Every structure is written in C-alpha cells, then in structure tokens.
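Here's the structure we're looking at; comments come further down.
Just so you know, all these numbers are worked out from the coordinates, no wet-lab data involved. Just so you know, these numbers come straight off a predicted model, no measurement behind them. Using ideal geometry, Cβ is built from the backbone for each residue, glycine included, and neighbour counts are taken over all protein chains shown.
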Amino acid sequence: MPLGQVAGGASRPARAGIERGDFGGVGRTGPEGLGGWPLALEKPPLPDARGEITLGDVEAIEEPEAWREAVRAWAVATWEAYGELHPVARRWAAEAGRG
C-alpha cells in the first residue's frame, strides 16, 4: 500500500483518530483545509526519539487488515513520541481557524 496515503501531515481527523480511536476521517483533509498558506509558523525542535515503529516496518505488509493495524500502531507510537509538541500543533490549528 502506498505510504503517501498515511505519511502526509497529521490532519485534524488523524489527530482525532489517534486521540479517540476514530480513524474514519483520516486522509480527508490536508493543508488546504487550514485556511490557506503560508502561515507564519516557527518550527520547534523535533524530539530525538520519534517512535519505536517506522513506516519502513509497515511498508512490506501486504495483507490489508494487518497493514491497517500496523499503520495505526505506527501512528500511535509517533503521536506519543511527539507529545510535547501537541500544544504547539493545537495552537497552530487555532491560529489557522481550525482549532
């Protein structure tokens, strides 16, 4: 399955999916849904550890249900690794009128 389908930005539905377990809207919005670009954003330092699962771990899985579960596990691990940046992401979303 193409990684580009899951490797895009963590949209609001993706955030909802990870935080609440509702993945129904993942992939249905993108940067264009944030009210247009460019937004004046200052990129914070990234965490040293970015999760124990990588997309490389997921890429070779061919069975659709196993792939979906692996992607969810990757998303949760990554979301948790970036936990300290969640307030920054929420602020950016609010500034863009989507928070």
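Taking the Cα centre of segment 47-99 as reference, the dipole from Cβ charges on Lys and Arg (+1) and Asp and Glu (-1) amounts to some 480 debye. Note on LEU55 and GLU42: the model spin-label points, each 7 Å out from Cα along the C-beta direction, lie 2.9 nm apart. On the basis of the beta-carbon distance and an R0 of 41 Å, GLU69 and TRP92 show a calculated FRET efficiency of 0.90.
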